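Take a look at the structure below.
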Amino acid sequence: MKKIEILPSLLAADVGDLRGGVKRAEENGADALHLDIMDPHFVPNISFGPDVVAMATKTCPGLYRNVHLMMLRPDLYLKPFAEAGAQTIQIHVEAACDVAGTLRRIREMGLKPAISINPETPVERLEPYLDLVDEVLVMTVHPGFGAQKFIAECMEKMKWVRARKPEIDLMVDGGINYETGRASVAAGANMLVSGSYLYKQADMRKAMEDLRHG
Ligand code: DX5
Ligand code: ZN
């Protein structure tokens with residue numbers, strides 16, 4: 001059984017105090033920070049860019065940075081995110097670029113490549129990329145916004161990935177709270193992103209411990 005890692009999503013932090021949001025994740029024992037980058041061609045929203053990743057790097061250099069590119073053309077932006085301190089870069093299987101080539105480039109840059117899949121996309125679309133990545137991210141909401149409801153059907157995708165890749169890092173993102181987090185672990189996930197649930201906690205450390213240990 002792989003160690004369970006918890007990644008607070010900075011998207012859910014107070015937008016007026018993102019620096020405080022980064023510190024809060026680290027002080028409470030987060031395993032890594034999840035940074036959601038959105039472009040309005042890929043999702044119906046806009047979030048933040050490389051400057052916020054750089055701020056996280058500067059604020060907490062020891063807090064691992066997991067960067068989720070919800071972008072139509074992530075291939076055009078690898079360099080600025082790498083320079084800002086991204087350590088894992090997640091791109092979407094639905095992106096309009098050479099997905100395999102982009103994953104290879106991420107690895108050549110010395111970063112960890114990961115592939116992400118939206119709820120409506122058939123899981124078989126992941127097949128050509130499984131040997132190119134260190135991590136698979138199964139989305140359990142339609143990306144674009146925090147605080148949405150977990151789509152339970154996506155747990156079948158986690159089982160599909162885990163059956164094929166017993167050792168791969170399998171992350172889940174969207175609507176994760178104690179119940180949906182533990183259900184995702186039972187379905188094979190070992191990395192849990194959680195935004196609105198964790199940032200609204202009075203005791204974020206305890207909520208992360210409970211998610212980790214059940
Ligand atoms: C959704 C983002 C998620 C989001 C999760 O577009 O990719 O990372 O911040 O937020 P919660 O945990 O509130 O669903
Ligand atoms: Zn995300």
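The values are calculated or read from the model by the stated rules, or taken from the named source; none is laboratory data. Computed from a predicted structure; not experimentally measured. As a convention, Cβ positions derive from the backbone with ideal geometry for all residues, glycine included, and neighbour counts pool all protein chains shown. SASA here: full protein model, heavy atoms, side chains in, ligands and nucleic acids out. Shrake-Rupley method; radii C 1.70, N 1.55, O 1.52, S 1.80 Å.
Data table
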{"item": "Conditions (1) within 16 Å of ligand 2 (Cβ to nearest atom); (2) closer than 20 Å to Val93 by Cα; number of the one not met by Ser196", "result": "(2)"}
{"item": "Looking only at the range 27-37, and only at residues there that are surrounded by 18 or more Cβ atoms within 10 Å (Cβ to Cβ) and either among the charged types (D, E, K, R) or within 14 Å of ligand 2 (Cβ to nearest atom) (or both), the one that is nearest to Val53 (Cα to Cα)", "result": "Leu35"}
{"item": "Test: Lys3 is out of contact with any Asp or Glu (no Cβ under 8 Å at 6 or more places or on another chain), touching a residue at least 60 places away in the same chain (Cβ under 8 Å), open to solvent by 10 Å² or more (accessible area, probe 1.4 Å) and not hydroxyl-bearing (Ser, Thr, Tyr)", "result": "yes"}
{"item": "Conditions (1) open to solvent by 70 Å² or more (accessible area, probe 1.4 Å); (2) out of contact with any Asp or Glu (no Cβ under 8 Å at 6 or more places or on another chain): number failed by Lys112", "result": "(2)"}
{"item": "Enumeration of residues in the range 39-85 that are in contact (Cβ under 8 Å) with a residue 40 or more places away in the chain and either open to solvent by less than 20 Å² (accessible area, probe 1.4 Å) or within 16 Å of ligand 1 (Cβ to nearest atom) (or both)", "result": "Phe42, Val43, Pro44, Asn45, Val52, Ala56, Leu63, Asn66, His68, Met70, Phe81"}
{"item": "Residue selected from the range 170-193 under the condition in a helix (DSSP H, G or I) and open to solvent by 10 Å² or more (accessible area, probe 1.4 Å), by the criterion farthest from ligand 2 (Cβ to nearest atom)", "result": "Ala186"}
{"item": "Residue satisfying condition, being on the phi > 0 side of the Ramachandran plot and within 15 Å of ligand 1 (Cβ to nearest atom), within set Ala152, Ala147, Ala95", "result": "Ala147"}
{"item": "Residue in the range 86-98 that is most open to solvent (accessible area, probe 1.4 Å), counting only those that are of a type in the set (A, V, I, L, M) and not in a strand (DSSP E or B)", "result": "Ala96"}
{"item": "Check on Leu132, in contact (Cβ under 8 Å) with a residue 24 or more places away in the chain, surrounded by 23 or more Cβ atoms within 10 Å (Cβ to Cβ) and either more than 16 Å from ligand 2 (Cβ to nearest atom) or in a strand (DSSP E or B) (or both)", "result": "no"}
{"item": "Residues (of a type outside the set (Asp, Glu) and within 12 Å of ligand 1 (Cβ to nearest atom)) located in the range 164-177", "result": "Met171, Val172, Gly174, Gly175, Ile176, Asn177"}
{"item": "Top-ranked residue in the range 99-124 [being free of Cβ contacts under 8 Å to residues at least 24 places away in the same chain and part of a helix (DSSP H, G or I); ranked as farthest from Phe150 (Cα to Cα)]", "result": "Glu108"}
